[in-house]
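Since the structure comes first, as structure tokens, the remarks are kept for the end.
The values are calculated or read from the model by the stated rules, or taken from the named source; none is laboratory data. Just so you know, these numbers come straight off a predicted model, no measurement behind them. Note: ideal-geometry Cβ built from the backbone for every residue, glycine included; neighbour counts use all protein chains shown.
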């Protein structure tokens, strides 16, 4: 994956993570309504942040490799 593609991926995941965070926040504010959705919303939030963290690491490594080349 090119550096540009990695940057786009990180940006997209960052936007998704912000959305997931807000969904989790909104759910928490509405408690106890829809408390049954907590595991689902939390799992979605966890996964997107996990992907974002991995993509940021990959981007950082790619930038470092590009600098050394």
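Observations on the model:
- Yes/no for residue 67 being modelled with pLDDT under 95 and assigned to a helix (DSSP H, G or I): yes
- Matching residues in segment 1-10 - criterion: being loosely packed, with under 11 Cβ neighbours inside 10 Å and either under 15 Å from the mean Cα position of the chain (by Cα) or in a helix (DSSP H, G or I) (or both): 4
- Selected residue [exposed (fewer than 13 other Cβ atoms within 10 Å of the Cβ) and in a helix (DSSP H, G or I)] from 57, 37: 57
- Look at (1) within 13 Å of the chain's Cα centre (by Cα); (2) outside any helix (DSSP H, G or I) and you find that residue 13 fails only one, number (2).
- Residue 31 assigned to a helix (DSSP H, G or I) and at pLDDT 95 or above: no
- Close pairs (9 angstrom Cβ cut-off, 6 or more residues apart or separate chains): closer than 11 Å to residue 21 by Cβ in segment 39-61, outside any helix (DSSP H, G or I) anywhere: 41/34
- With respect to the conditions (1) within 26 Å of residue 61 (Cα to Cα); (2) surrounded by 14 or more Cβ atoms within 10 Å (Cβ to Cβ), residue 23 lacks only one, and its number is (1).
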